[in-house]
Amino acid sequence: MTRRRAGSPAFVVVLVVLGLAASACQGSSGATSARDDLLLRKPPAERVTLQTSSVPGLGRILTDGVGRVLYMFPPDAASEVRCVGPCAGTWPTLTVSTSGRVTTQGGARPGLVGTLHDPNTGARVVTYRDNPLYVYAGDVRPGQANGQGLFLDGGPWYVLTRSGQPVTSEVTASGGAS
């Protein structure tokens, strides 16, 4: 086994690579990337519709008006959006303008709907049973639930039932939550 000396070129390269990796990680914790900025500058909707849709492997869950699956984030305790900065690039909140309106249809319950301030955009985040609602950037078409049960950005992400309860099981191939 060959030992590298502190002054050897290979040792210096390793230190530079480790330094770059550390600074990249450090930068991602508080700053937003160009992609995040573009997502966060998207204007909030004037009207948002909540509904329920049948999603294979999960059953009937909360979606938006076009069928995009909506998620909750348990670290959002006390009705506070805790997914900020880079997290919001992956998990954008479902927002409505301050003068906008939230409606329900197809099984979503109007009495469970609310809004709160979005620290990312200044708009209003739509809530359901006091849970801020998010979409997942990895869901590229309506009805996809690729974020279900993922542990990212400091906690797990779950879809919601019509009563506002999180579905904590994994997606099953048989058409229902396990």
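The values are calculated or read from the model by the stated rules, or taken from the named source; none is laboratory data. Owing to the predicted nature of the structure, the values given are computational and were not obtained by experimental measurement. Every residue, glycine as well, gets a Cβ built from its backbone with ideal geometry; the counts of neighbours run over all protein chains shown.
Would you confirm whether or not segment 105-114 contains a residue that is outside any loop (DSSP other than H, G, I, E, B), in contact (Cβ under 8 Å) with a residue 60 or more places away in the chain and at negative phi?
First, pick out the residues of segment 105-114 that are outside any loop (DSSP other than H, G, I, E, B): 110-114.
Those left that are additionally in contact (Cβ under 8 Å) with a residue 60 or more places away in the chain: 113.
With at negative phi added as a condition, the list becomes 113.
Yes: segment 105-114 contains one or more residues that are outside any loop (DSSP other than H, G, I, E, B), in contact (Cβ under 8 Å) with a residue 60 or more places away in the chain and at negative phi.
Residues that are in contact with a helix residue (DSSP H, G or I) (Cβ under 7 Å, 6 or more places away or on another chain), crowded, with 16+ Cβ neighbours inside 10 Å, under 13 Å from Val81 (Cβ atoms) and at pLDDT below 95: does segment 121-136 have at least one?
The answer is yes; a qualifying residue exists.
Does Ala31 count as among the hydrophobic types (A, V, I, L, M, F, W, C), loosely packed, with under 12 Cβ neighbours inside 10 Å, at pLDDT below 50 and touching a helix residue (DSSP H, G or I) at 6+ places or on another chain (Cβ under 8 Å)?
Details: among the hydrophobic types (A, V, I, L, M, F, W, C): yes; loosely packed, with under 12 Cβ neighbours inside 10 Å: yes; at pLDDT below 50: yes; touching a helix residue (DSSP H, G or I) at 6+ places or on another chain (Cβ under 8 Å): yes.
Considered against the rule, which asks whether it is among the hydrophobic types (A, V, I, L, M, F, W, C), loosely packed, with under 12 Cβ neighbours inside 10 Å, at pLDDT below 50 and touching a helix residue (DSSP H, G or I) at 6+ places or on another chain (Cβ under 8 Å), Ala31 comes out as yes.
I'd like the full set of residues that are assigned to a strand (DSSP E or B) and not polar (S, T, N, Q), limited to segment 78-104. First the steps, then the outcome.
To start, the set of residues in segment 78-104 that are assigned to a strand (DSSP E or B) comprises 93, 95-104.
Selection gives Val96, Gly100, Arg101, Val102.
Conditions tested, residue by residue: (1) of a type outside the set (Gly, Ala, Ser); (2) modelled with pLDDT of 90 or more; (3) out of contact with any helix residue (DSSP H, G or I) (no Cβ under 6 Å at 6 or more places or on another chain).
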| site | (1), (2), (3) |
| --- | --- |
| Val16 | yes, no, yes |
| Gly19 | no, no, yes |
| Gly27 | no, no, yes |
| Leu38 | yes, no, yes |
| Asp64 | yes, yes, yes |
| Tyr71 | yes, yes, yes |
| Ala77 | no, no, yes |
| Arg82 | yes, yes, no |
| Pro92 | yes, yes, no |
